[in-house]
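J.: Mind looking over this structure? Questions follow.
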Protein chains: 4
Amino acid sequence: MVIDLNADVGESHGACAVGADASLMPSITSANIAAGFHGGDPSVLRKTVRLAKTCGVAVGAHPGYPDLKGFGRREMRLPPGEVEDLVLYQIAAVAGVARTEGVALQHVKPHGALYNTAARDEALADAIVRAIVAFDRSLVLFAPPASALLKAGTAHGIRVAAEGFADRAYQPDGSLASRQHPGAVITDARTVIARALRMVKERTVVAVDGASIPLAIDTLCIHSDTPGAGELAAALRAGLEAAGITIAAALRR
Amino acid sequence: MVIDLNADVGESHGACAVGADASLMPSITSANIAAGFHGGDPSVLRKTVRLAKTCGVAVGAHPGYPDLKGFGRREMRLPPGEVEDLVLYQIAAVAGVARTEGVALQHVKPHGALYNTAARDEALADAIVRAIVAFDRSLVLFAPPASALLKAGTAHGIRVAAEGFADRAYQPDGSLASRQHPGAVITDARTVIARALRMVKERTVVAVDGASIPLAIDTLCIHSDTPGAGELAAALRAGLEAAGITIAAALRR
Amino acid sequence: MVIDLNADVGESHGACAVGADASLMPSITSANIAAGFHGGDPSVLRKTVRLAKTCGVAVGAHPGYPDLKGFGRREMRLPPGEVEDLVLYQIAAVAGVARTEGVALQHVKPHGALYNTAARDEALADAIVRAIVAFDRSLVLFAPPASALLKAGTAHGIRVAAEGFADRAYQPDGSLASRQHPGAVITDARTVIARALRMVKERTVVAVDGASIPLAIDTLCIHSDTPGAGELAAALRAGLEAAGITIAAALRR
Amino acid sequence: MVIDLNADVGESHGACAVGADASLMPSITSANIAAGFHGGDPSVLRKTVRLAKTCGVAVGAHPGYPDLKGFGRREMRLPPGEVEDLVLYQIAAVAGVARTEGVALQHVKPHGALYNTAARDEALADAIVRAIVAFDRSLVLFAPPASALLKAGTAHGIRVAAEGFADRAYQPDGSLASRQHPGAVITDARTVIARALRMVKERTVVAVDGASIPLAIDTLCIHSDTPGAGELAAALRAGLEAAGITIAAALRR
């Protein structure tokens, strides 16, 4: 059994420090690097690529809405054609900086509101996948299991990696419980590890109503902006490895 | 005799229309395309690359300071390392979008205050050239003749193209007369053509004090944001061709 | 009979020229001045206040979403509390600059997507009105007739001015036909004048299905970003005055 | 003997947390609140005004260059007229939001590169003071002792408060030692208190060369972005009070 561990990194910009990149990087296998639209800036991007390379972590582009103020977490109603262009631009920027540092881009994972909306909006999902296909159809798309985004990737014939969250509660329909709900974010390391093991080994998760629902995932996301993210990531990785699971980047499998 | 004609294009963004790209493009041979920092946006960038490709115009990156409000014309005192990173980022974005459209990047021309400051500031000039060298050392650098920027390019062993302005007055030291000076911008087509011919054929220009000074150039810039820019560009091209001069992109020579 | 004529102005910023402010201003009685979020900048704001003062035009704040790129025309899903704060901020900025120029603020008209969404979203409408009430409850709110926004103003006990558009087609339910629909924007001056006269005198408008529907308005908006906006505004004003209608700012009535 | 303690606050924006506002506020008497150009946003501004009001701290505007990315610490060469307008805008926004919360603005302190450049650039200093005078000539200007900015304030007849830094090293000419110099930032609480006492009681400071130089100040700045800023502020305040010095806001004296 094998699983990829990914995290959103490179989201600091200017005087604004976001995330625990340095402490997270040794525990993950895929880094989703921001491109300056919802977070990140050219210097942070380059530094983060270098850090990922040093740690042997695969590099992906993490495109978001052009909303630094709202950290890309506010839905913006943009025409699909505009989304296609801004996703293409962000992939190009991250890929070009990565190539300059001797690293080939592995994957693309949309950020925040762009990811959540594309999970259910077919036109938006298709626009994102068109950008990937236009730039480099060997890239892997990270998307929620059974989402419109994942389906769009498959429909266009690109590789996809279904993503799960070990530190978030799931609704009976397989979607994430809103952060507004009490218990939506799980911070206890042992619970997180137990949920991750269940996802990887049994391909299920226990939803908020107590039912076990199917959840087939290829990559597990570790949130980088929670306190103690580095420690939690290390504990999760150790817990998975102790259970005989191989941790490896999405592309290498 | 041969000369390249270049123009700054793709500088519109969102609701803001800048420049006469569509009317200019048929007359030029090299397009300097903005990357969204001083002007331009992802959709305008992609559209402009397509327009250049259709017109058979070579594509270059036109990186500027991150100052959409000031159109990159205000000097910002940034550390050279930060300039290197933001120039690299902008080259990567334009090159990646161009490659997606089947076009290989030809050149890099810094914009506005970045270009002017790098013409005299060695540390800034070196930072810009480092970004080019890191990304792709086959790119051509556009820079003022005899400037610190041109020298930095030569010192790093990359190809350079010295740039002249047929519609701008020159000071006796070979620098441009400030736009504040009366007569600094020349709008009469016949005068512009006569000055361009002199630059190309005699490799000189008449400075504001009446003296003829040396000016060896490889590419002539046509400003895109003056009224009637398209007509002036067409007249200039026709005037140069009528005098037996070949108009061809910098790289093709 | 009396009507106010308003226009959105002061939406240029930096190198980006938007609207025909100088040619419009002599024909209108209320100016909705942008605050730098969807358009405008501090210098344009101050200059526009001065122009309005010179022309004897009443000044209002024209707050929008923080989206310069999208000109405030893209819906952003912001929490009502955040909208309240950004509307308050924009009113404060415009009112303070106006006061500095010796002009008291008359009104507030939300811009673009903020206006359209607040017309039907009660929580958003209430947030906007709370900002107005907190800042100065003597301000007049411009809003669509019978909208959630107008109702929120009335519920909070502030003065409201119902706004109509003489150059836009209406649906049978009293809402504007989308700009995507053919015929949604009316450019013929005589038709615009005839529709305006009907709105003012008969308090009705002919909808796209040919039916006459009630439309009780206090102020008529003239779009500033259509070609020939200045001429159309002058013709509309002349046509209304020729029919014996008094043109006067909302507050003065 | 009396001294004002001030700090730059309200500089967080969106997902970006800057400064230790909550822990600092109880120890200071004047709060310099950002207006969203170099830091801050409409919601942070309003919340910070409320916090200052609750703590009985006087409120000032803290205008900066429009450079969120560089936190206003990068010099931008803007025309003085443009600086006047953007300082006016920021004062208007902060004053309007403060007034909405029942608080009258006390002072204006320019931020970062704007403050440092105006300390030596007369044209820039005059532009800033013109904005203050135009908006409200009863406002107090915070500026370095003997600076061009302080002199401009005096020349225009407004009240000024000379500002000192107890945690920064001074050069023999009375200017601050650059942050690049070792020892430029002083973090030891006892040293900071001793230096502050000397400034207040003897109106001198020991420069980096060991010489005692005159430094007549009315207000002491406490940096909000250093680790342990809240504790240092509390210790400084206690140390000053223990020495019989009254801590009171600039305006109240």
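J.: What about D:A127, is it assigned to a helix (DSSP H, G or I), buried (at least 23 other Cβ atoms within 10 Å of the Cβ) and within 14 Å of chain C (Cβ to nearest Cβ)?
T.: Numbers: assigned to a helix (DSSP H, G or I): yes; buried (at least 23 other Cβ atoms within 10 Å of the Cβ): yes; within 14 Å of chain C (Cβ to nearest Cβ): yes.
It is true that D:A127 is assigned to a helix (DSSP H, G or I), buried (at least 23 other Cβ atoms within 10 Å of the Cβ) and within 14 Å of chain C (Cβ to nearest Cβ).
J.: Please enumerate the residues belonging to segment C:191-229 that are out of contact with any Gly (no Cβ under 7 Å at 6 or more places or on another chain), among the small types (G, A, S) and either assigned to a loop (DSSP other than H, G, I, E, B) or farther than 18 Å from C:G244 by Cα (or both).
T.: C:A207, C:G210, C:A211, C:S212, C:A216, C:G228, C:A229
J.: Now, a different point. Against the definition (surrounded by fewer than 21 Cβ atoms within 10 Å (Cβ to Cβ) and closer than 20 Å to B:M199 by Cβ), how does B:A146 come out, yes or no?
T.: Working: surrounded by fewer than 21 Cβ atoms within 10 Å (Cβ to Cβ): yes; closer than 20 Å to B:M199 by Cβ: yes.
Yes; evaluated as a whole, the condition is true for this residue.
J.: Let me ask something else. For D:V185, are the conditions met, namely being modelled with pLDDT under 95, closer than 13 Å to D:F165 by Cα and either surrounded by 19 or more Cβ atoms within 10 Å (Cβ to Cβ) or of a type in the set (V, I, T) (or both)?
T.: On the way: modelled with pLDDT under 95: yes; closer than 13 Å to D:F165 by Cα: yes; either surrounded by 19 or more Cβ atoms within 10 Å (Cβ to Cβ) or of a type in the set (V, I, T) (or both): yes.
The answer is yes for D:V185.
J.: Run down D:A207, D:A248, D:A242, D:A166 and say which single residue is under 15 Å from D:I3 (Cβ atoms), among the hydrophobic types (A, V, I, L, M, F, W, C) and more than 20 Å from the chain's Cα centre (by Cα). Walk me through how you get there before you give the answer.
T.: Details: D:A207 fails: under 15 Å from D:I3 (Cβ atoms); D:A248 fails: more than 20 Å from the chain's Cα centre (by Cα); D:A166 fails: more than 20 Å from the chain's Cα centre (by Cα).
Matching residue, one of D:A207, D:A248, D:A242, D:A166: D:A242.
J.: Okay, next question. Report the residue count in segment B:137-163 for those that are over 14 Å from the mean Cα position of the chain (by Cα) and assigned to a helix (DSSP H, G or I).
T.: Within segment B:137-163, residues that are over 14 Å from the mean Cα position of the chain (by Cα) and assigned to a helix (DSSP H, G or I) number 6.
J.: Could you tell me which numbered condition A:L51 fails, if it satisfies all but one of (1) part of a helix (DSSP H, G or I); (2) within 14 Å of chain D (Cβ to nearest Cβ)?
T.: Of the numbered conditions (1) part of a helix (DSSP H, G or I); (2) within 14 Å of chain D (Cβ to nearest Cβ), the odd one out for A:L51 is (2).
J.: Would you be able to say whether some residue in segment D:152-171 is β-branched (V, I, T), surrounded by fewer than 18 Cβ atoms within 10 Å (Cβ to Cβ) and away from chain C (no Cβ under 14 Å)? Show your work before the answer.
T.: Looking only at segment D:152-171, we keep the residues that are β-branched (V, I, T), and these are D:154, D:158, D:160.
From the residues that got through so far, the ones that are surrounded by fewer than 18 Cβ atoms within 10 Å (Cβ to Cβ) too are D:154.
Within this subset, residues satisfying the condition of being away from chain C (no Cβ under 14 Å) are D:154.
So far as segment D:152-171 goes, yes, one or more of its residues are β-branched (V, I, T), surrounded by fewer than 18 Cβ atoms within 10 Å (Cβ to Cβ) and away from chain C (no Cβ under 14 Å).
J.: Go through B:A92, B:A118, B:A98 for me and flag whichever is surrounded by 23 or more Cβ atoms within 10 Å (Cβ to Cβ), within 13 Å of chain A (Cβ to nearest Cβ) and under 25 Å from D:D67 (Cα atoms). Walk me through it before giving the result.
T.: Numbers: B:A118 fails: within 13 Å of chain A (Cβ to nearest Cβ); B:A98 fails: under 25 Å from D:D67 (Cα atoms).
Among B:A92, B:A118, B:A98, only B:A92 is surrounded by 23 or more Cβ atoms within 10 Å (Cβ to Cβ), within 13 Å of chain A (Cβ to nearest Cβ) and under 25 Å from D:D67 (Cα atoms).
J.: Can you say whether C:P42 is surrounded by fewer than 24 Cβ atoms within 10 Å (Cβ to Cβ) and either of a type in the set (D, E) or at pLDDT 95 or above (or both), as far as the supplied structure shows?
T.: Numbers: surrounded by fewer than 24 Cβ atoms within 10 Å (Cβ to Cβ): no; either of a type in the set (D, E) or at pLDDT 95 or above (or both): yes.
It is false that C:P42 is surrounded by fewer than 24 Cβ atoms within 10 Å (Cβ to Cβ) and either of a type in the set (D, E) or at pLDDT 95 or above (or both).
J.: Now a separate question. Out of all the residues in segment C:76-89, is one or more crowded, with 24+ Cβ neighbours inside 10 Å and either away from chain D (no Cβ under 14 Å) or of a type in the set (S, T, N, Q) (or both)?
T.: no
J.: Would you be able to say whether some residue in segment A:168-181 is outside any helix (DSSP H, G or I), touching a Phe, Trp or Tyr at 6+ places or on another chain (Cβ under 8 Å) and of a type outside the set (D, E, K, R)?
T.: Taking segment A:168-181 first, the residues outside any helix (DSSP H, G or I) are A:168-181.
When the remaining residues are screened for being touching a Phe, Trp or Tyr at 6+ places or on another chain (Cβ under 8 Å), the result is A:176-177.
Next, only the ones that are of a type outside the set (D, E, K, R) stay: A:176-177.
The answer is yes; a qualifying residue exists.
J.: Now for a different question. Which numbered condition trips up A:F71, out of (1) surrounded by fewer than 23 Cβ atoms within 10 Å (Cβ to Cβ); (2) of a type in the set (F, W, Y); (3) at negative phi?
T.: The failed condition is (3).
J.: Also: What is the one condition in (1) more than 14 Å from every other protein chain (Cβ to nearest Cβ); (2) not in a loop (DSSP other than H, G, I, E, B) that C:G56 does not satisfy?
T.: Failed condition: (2).
J.: For segment A:101-115, name all the residues that are on the phi > 0 side of the Ramachandran plot and more than 12 Å from chain B (Cβ to nearest Cβ). Outline the logic, then answer.
T.: So in segment A:101-115, the residues on the phi > 0 side of the Ramachandran plot come out as A:102, A:112.
Hit for segment A:101-115 is A:G112, nothing else.
J.: Can I ask one more? From the list D:I28, D:I3, D:I33, pick out the single residue that is touching a Gly at 6+ places or on another chain (Cβ under 7 Å) and on the phi < 0 side of the Ramachandran plot. Walk me through it before giving the result.
T.: On the way: D:I28 fails: touching a Gly at 6+ places or on another chain (Cβ under 7 Å); D:I3 fails: touching a Gly at 6+ places or on another chain (Cβ under 7 Å).
Answer to the check: D:I33.
J.: Still on this structure, please answer the following. Filter segment B:216-253 for residues that are closer than 17 Å to B:V9 by Cβ and of a type in the set (D, E, K, R); which is surrounded by the most Cβ atoms within 10 Å (Cβ to Cβ)?
T.: B:R237
J.: If you don't mind, there's one more thing I want to ask. Select, from D:A7, D:A61, D:A31, the only residue that is within 14 Å of chain C (Cβ to nearest Cβ), not aromatic (F, W, Y) and not in a helix (DSSP H, G or I).
T.: Values: D:A7 fails: within 14 Å of chain C (Cβ to nearest Cβ); D:A31 fails: within 14 Å of chain C (Cβ to nearest Cβ).
After applying the criteria, what remains is D:A61.
The values are calculated or read from the model by the stated rules, or taken from the named source; none is laboratory data. Note that the structure is predicted; figures quoted are calculated from it, not measured. Every residue, glycine as well, gets a Cβ built from its backbone with ideal geometry; the counts of neighbours run over all protein chains shown.
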